[in-house]
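Working notes, beginning with the structure itself.
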Amino acid sequence: MNVAHLVACHDCDLLQRRRPLPEGGKALCGRCGAVLYRSHPRGNERALALALAGLFLFILANYFPIATLILGGERVEATLYGAVRHLYRTEMRLLAGMVFVTMILMPSIQLAAMCWLLMPLRRGHVPQARTLAYRALEVARTWGMVEVFVLGVLVTLVKLAHVADAIPGVALGSFGALMLVITAAGLSFDEEELWSRA
Amino acid sequence: MEPGVSAAPLTAAAAGLLSCHTCALLSPGGARCPRCGSPLHRRKPDSLNRSWAFLIASVVLYLPANLLPVMYTSSLYGAQRDTILSGIVYLWQDGSWEIATIVFIASVLVPLLKMLAIALLLVSVQARWTGQPESRTRLYRAVEFVGRWSILDIYVVALLATLVQLGSFGHIAAGPGAIFFGAVVVLTMLASMAFDPRLIWDAAERSNG
């Protein structure tokens, strides 16, 4: 039985036939509405460009401060790594670990895995350790929380605004842009091309 | 655009096919996917047990997460310890009711609703309930999507603790409640990840055919 033209819905297991999609379209499960697959015209080119842009933004976001607080002549600047280190040093190690994993480790893995998979594909080769890299990408996508962090920074700034001078830093904009870039890269990523190369 | 549905709705499992979780290839059997090498499972292994275990753990930790303080503040106005709820009340009384609402939704409402939703899904599958599988699947997807947002308060506490180191003017430290709260977020995410939504449809299918 040739099943290459079939796909099973990952939410309800219904078997359905694959059909060609219009550009930018997506196929929904006929029974439960889950997204089965998307059309990705030249998606991996776009995804790679976005992933590389994301790496650049990520470096900026970690180098520059997220926010600066000024009160009574005192001035404190916080970078992401600075926050992790502060939490670690002040005995809040589990908290430091959570911030580190969700905001530094996972986005790095997500961007690196995307580049690892997409660069060889661009040249027409199958990437090394393809399955491992893809699964790392999936884990990183689940546990990376850049969007929530951006909202967290905004809430913090508002909370501090009426007692002190709370100034957003360059990193906030970088994280905001990173969040959009990562999402766009994920949407452009063409898994079919990745898996169909022998 | 919807792909063609076969004459009688047929699931992969009923057809004797295994769908690879990683690369979506359908295989007639076997322990590993022939294309990508990932382990093949008909359904997520031990889905109900694992999901219940994570859910119960998260409910147990939800109590200290809310009872213990998440933040210690000392400033010119004195020292203060805040739980999630008292922090929200403080924000509300202070006039920032938009922020209070955001934090309330993300840190109180979302975790509670998630836990209830996952419990509902689990009970409905174990009771072999056949009603409204589409709504339950949508509920599952909503839970998966929204789960991560509860971590918002953790980030706020972490940032405040880092920024507010202003000598005598103010000093903020995270409290033990924050760790428990982080654990609750992680555990509820694990609970929904362990749950296999296809189980909802398995019960509905068995009753039809």
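Data overview
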{"quantity": "Calculated Rg and Dmax of region A:1-59 using C-alpha coordinates, Å", "calculated": "15.4, 50"}
{"quantity": "Charge dipole magnitude, Cβ of K and R +1, D and E -1 - the protein assembly as shown, Cα centre, debye nearest 20", "calculated": "1220"}
{"quantity": "More than 23 Å apart - percent of Cα-Cα pairs taken over region B:40-142", "calculated": "46"}
{"quantity": "Within the accessible area of region A:84-198 (1.4 Å probe), percent carbon and sulfur", "calculated": "64"}
{"quantity": "Surface per residue (accessible, 1.4 Å probe) for chain A, Å²", "calculated": "47"}
{"quantity": "Ellipsoid equivalent to region A:89-196 - semi-axes via the Cα gyration tensor, in Å", "calculated": "34, 16, 10"}
{"quantity": "Accessible area (Å², per residue) of region B:1-116, counting only protein heavy atoms and a probe of 1.4 Å", "calculated": "54"}
{"quantity": "For region B:31-72, diffusion coefficient by Stokes-Einstein and Kirkwood Rh (Cα), 37 °C, 0.692 mPa s, µm²/s", "calculated": "244"}
{"quantity": "Percent carbon-and-sulfur accessible area, chain B, ignoring ligands, DNA and RNA, probe 1.4 Å", "calculated": "66"}
{"quantity": "Solvent-accessible area of B:His41 with every protein chain in place, 1.4 Å probe, in Å² to the nearest 10", "calculated": "80"}
{"quantity": "Interface A:B - total buried accessible surface [probe 1.4 Å, Å², rounded to 100]", "calculated": "6100"}
{"quantity": "Rh (Kirkwood; distinct C-alpha pairs) - the protein assembly as shown, Å", "calculated": "23.1"}
{"quantity": "Built amide H within the under 5 Å cut-off of A:Tyr37, gap 5+", "calculated": "A:Ala27"}
{"quantity": "Averaged over A:155-165, number of beta-carbon atoms from partner chains that fall within 10 Å", "calculated": "6"}
{"quantity": "Shape category assigned to region B:104-209 from the gyration tensor of Cα positions, a/c cut at 1.5", "calculated": "prolate"}
{"quantity": "Accessible area per residue in Å² at 1.4 Å probe, computed on region B:120-209", "calculated": "36"}
{"quantity": "Relative contact order (percent, whole number), region B:58-202, Cα cutoff 8 Å, 6+ residue spacing", "calculated": "40"}
{"quantity": "For chain B, alpha-carbon Rg relative to the globular expectation (2.2 N^0.38 Å, N residues)", "calculated": "1.33"}
{"quantity": "Residues along region A:88-119 losing 20 Å² or more of accessible surface when the other protein chains are present rather than the chain by itself (probe 1.4 Å)", "calculated": "A:Met92, A:Leu94, A:Leu95, A:Met98, A:Val99"}
{"quantity": "Proximal aspartates and glutamates to A:Lys26, defined as alpha-carbon separation beneath 14 angstrom and excluding residues fewer than eight positions away on the same chain", "calculated": "A:Asp190, A:Glu191, A:Glu192, B:Glu2"}
{"quantity": "Normalised contact order of region A:49-198, rounded percent, pairs of Cα under 8 Å and 6 or more residues apart", "calculated": "38"}
{"quantity": "Volume of the Cα convex hull of chain A, divided per residue and given in Å³", "calculated": "156"}
{"quantity": "Dimensionless Rg ratio for region B:59-116, taking C-alpha atoms and the 2.2 N^0.38 Å reference", "calculated": "1.22"}
{"quantity": "Share of pairwise Cα separations in region A:17-99, more than 22 Å, in percent", "calculated": "59"}
{"quantity": "Label-to-label distance, nm, for residues given as B:Leu85 and B:Ile105 (7 Å Cα→Cβ offset)", "calculated": "2.2"}
{"quantity": "Extension reserve of the A:Val101-A:Val163 stretch, reckoned as 0.36 nm per residue once the Cα distance is removed", "calculated": "19.2 nm"}
{"quantity": "Set of region B:20-45 residues, backbone N closer than 16 Å to the point 7 Å along the Cα-Cβ line of A:Leu132", "calculated": "B:36-39"}
{"quantity": "Region A:1-133 - percent relative contact order, Cα under 8 Å, separation 6 or more", "calculated": "16"}
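The values are calculated or read from the model by the stated rules, or taken from the named source; none is laboratory data. What you see is a predicted model, and the numbers here were worked out from it, not measured in a lab. Cβ sites come from the backbone with ideal geometry, for glycine too, and all protein chains shown count toward neighbours. Just so you know, the surface numbers come from the protein's heavy atoms only, side chains and all, with ligands and any DNA or RNA stripped out. Shrake-Rupley method; radii C 1.70, N 1.55, O 1.52, S 1.80 Å.
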